[in-house]
Amino acid sequence: MEQYYYNHMNKQKQAAYHAMLQGIRGLADEFQIPALDADALYDVFFQLRLDHPEIFWVTGYKYRYYKDSPNIIFIPEYLFEKSKIKEHQKAMTARVDKLVRPAKNLSEWEKEKYVHNFICENIRYDKLKKPYSHEIIGPLGQGVGVCEGIAKAVKVLLDELGVWCVIAICGNNPDKGIKYRHTWNIVKVGGVYYHLDATFDNTLGKSDQVQDIRYDYFNLDDKSIFRDHEPLIAPAPHCTDHEHFYYKEKKLSFTKQEDVYKRSLQAAKKGKTLTFHWRGGYLTREVLKELLDLIRKAGEERKKTPVVNVNWPQAVLSLHYIEEQAQECITMEDANEGEKE
């Protein structure tokens, strides 16, 4: 299990982190830790919980300090009564064991996909943002979560499966209407770092009847993820490889318009959903119009009408066809719905 944030702290912060971890694990009411200023203390507490998402029962703290003392008294705020915490711990451990069992013998990439799909199939985004939705107990216990809880659940499951995984965090951006900080994961698969945002994939494609899992944010490099994610506010490894993005791996990343036409024709014929990534140059309005014309033309040959969802920042289109008399439907998707106001 990677203690990524711990490894990026100075000695004094590491000492406080250590003392916090022991006290919180022991469910202590209060304990001493080395003195830090208020900002540093917040950072250590916050990052400790990103390194250790299995600690779901503490969400805040107070502290007392004494003039000239090298220590402060740290007072954790627990989400539940202590007897309840022990019950929840047991239940969570059993739940995690049960969930990872079917994936134990898979390759790293398949383990990553297994965890991603579990999130997309079983977790609802919690628009009410209840306190437990920020912790693993939301997604793994209640089937609901916000990005923080989902990223923590991904880390807990991948930790258990032996896949290197950390939680990445970016700032909010009130100018763009993004009120909340967003969290996702960085994984190391085959010795290479990639971004994995299960929350964004989970919110895509839910608008129509077709419930296919989306992989628009599965193994992205830095350049791609930051098209629609704010800059990081905590240390994270650089992800420079763009060769193993999911749709590229699956031969669903097209550079030629005729491929889009051919595959759309197949989708119309078989009544299947086609989701593909466009990398034949930038997805400008002009190019999008050309692709939509081809998708339309493929449908006409089969007397069907396309329903298309477009994830513009990631240049991903997802489409299926319905019987012709229906109204054509093209939707611009926004993967970040729950975190905007």
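The values are calculated or read from the model by the stated rules, or taken from the named source; none is laboratory data. Since we're looking at a predicted model, the values are computed, not measured. Counting neighbours? That spans all protein chains shown, and the Cβs are built from the backbone with ideal geometry, glycine included. Accessible surface is based on the protein model in full, side chains and every heavy atom, while ligands, DNA and RNA are left aside. Shrake-Rupley method; radii C 1.70, N 1.55, O 1.52, S 1.80 Å.
Scanning the stretch 263-270 finds no residues that are open to solvent by less than 90 Å² (accessible area, probe 1.4 Å), farther than 28 Å from LYS303 by Cβ and hydroxyl-bearing (Ser, Thr, Tyr). Within the stretch 63-83, the set of residues being farther than 24 Å from GLY138 by Cα, among the basic types (Lys, Arg) and surrounded by 10 or more Cβ atoms within 10 Å (Cβ to Cβ) comprises ARG64 only. Among the residues of the stretch 136-149, those that are open to solvent by less than 10 Å² (accessible area, probe 1.4 Å), part of a helix (DSSP H, G or I) and among the small types (Gly, Ala, Ser) comprise GLY138, GLY149.
Taking the numbered list (1) closer than 22 Å to ASN219 by Cβ; (2) among the aliphatic types (A, V, I, L, M); (3) surrounded by fewer than 18 Cβ atoms within 10 Å (Cβ to Cβ) in turn, ILE119 passes all entries but (3).
Suppose we filter LEU41, LEU50, LEU27, LEU21 for residues that are open to solvent by less than 40 Å² (accessible area, probe 1.4 Å), aliphatic (A, V, I, L, M) and in contact with a strand residue (DSSP E or B) (Cβ under 6 Å, 6 or more places away or on another chain); which single one remains? If you could, list the steps in order and put the result at the bottom.
Values: LEU41 fails: in contact with a strand residue (DSSP E or B) (Cβ under 6 Å, 6 or more places away or on another chain); LEU27 fails: in contact with a strand residue (DSSP E or B) (Cβ under 6 Å, 6 or more places away or on another chain); LEU21 fails: in contact with a strand residue (DSSP E or B) (Cβ under 6 Å, 6 or more places away or on another chain).
Among LEU41, LEU50, LEU27, LEU21, only LEU50 is open to solvent by less than 40 Å² (accessible area, probe 1.4 Å), aliphatic (A, V, I, L, M) and in contact with a strand residue (DSSP E or B) (Cβ under 6 Å, 6 or more places away or on another chain).
So in the stretch 164-189, with the set limited to residues that are at pLDDT 95 or above and open to solvent by 10 Å² or more (accessible area, probe 1.4 Å), which one is farthest from TYR4 (Cα to Cα)? By that ranking, first place goes to VAL189.
Of the residues contained in the stretch 204-211, none is found to be modelled with pLDDT of 95 or more and either open to solvent by 10 Å² or more (accessible area, probe 1.4 Å) or of a type outside the set (Gly, Ala, Ser) (or both). Of everything in the stretch 291-321 that is free of Cβ contacts under 8 Å to residues at least 24 places away in the same chain and of a type in the set (A, V, I, L, M, F, W, C), the residue that is surrounded by the most Cβ atoms within 10 Å (Cβ to Cβ) is VAL308.
Can you find a residue in the stretch 238-256 that is of a type in the set (A, V, I, L, M, F, W, C), within 30 Å of ASP39 (Cβ to Cβ), touching a strand residue (DSSP E or B) at 6+ places or on another chain (Cβ under 7 Å) and open to solvent by less than 80 Å² (accessible area, probe 1.4 Å)?
Keep residues of the stretch 238-256 that are of a type in the set (A, V, I, L, M, F, W, C), which gives 239, 245, 252, 254.
Subsequent filtering for residues that are within 30 Å of ASP39 (Cβ to Cβ) retains 239.
Now narrow it down to the ones that are touching a strand residue (DSSP E or B) at 6+ places or on another chain (Cβ under 7 Å): 239.
Now narrow it down to the ones that are open to solvent by less than 80 Å² (accessible area, probe 1.4 Å): 239.
So far as the stretch 238-256 goes, yes, one or more of its residues are of a type in the set (A, V, I, L, M, F, W, C), within 30 Å of ASP39 (Cβ to Cβ), touching a strand residue (DSSP E or B) at 6+ places or on another chain (Cβ under 7 Å) and open to solvent by less than 80 Å² (accessible area, probe 1.4 Å).
Considering the conditions (1) assigned to a helix (DSSP H, G or I); (2) open to solvent by 20 Å² or more (accessible area, probe 1.4 Å); (3) within 23 Å of VAL100 (Cβ to Cβ), LYS223 is excluded by exactly one of them, (3).
Would it be correct to say that LYS340 is modelled with pLDDT under 95, open to solvent by 50 Å² or more (accessible area, probe 1.4 Å), over 30 Å from LYS130 (Cα atoms) and among the basic types (Lys, Arg)? Even if it seems obvious, please write down each step before you answer.
Details: modelled with pLDDT under 95: yes; open to solvent by 50 Å² or more (accessible area, probe 1.4 Å): yes; over 30 Å from LYS130 (Cα atoms): no; among the basic types (Lys, Arg): yes.
Considered against the rule, which asks whether it is modelled with pLDDT under 95, open to solvent by 50 Å² or more (accessible area, probe 1.4 Å), over 30 Å from LYS130 (Cα atoms) and among the basic types (Lys, Arg), LYS340 comes out as no.
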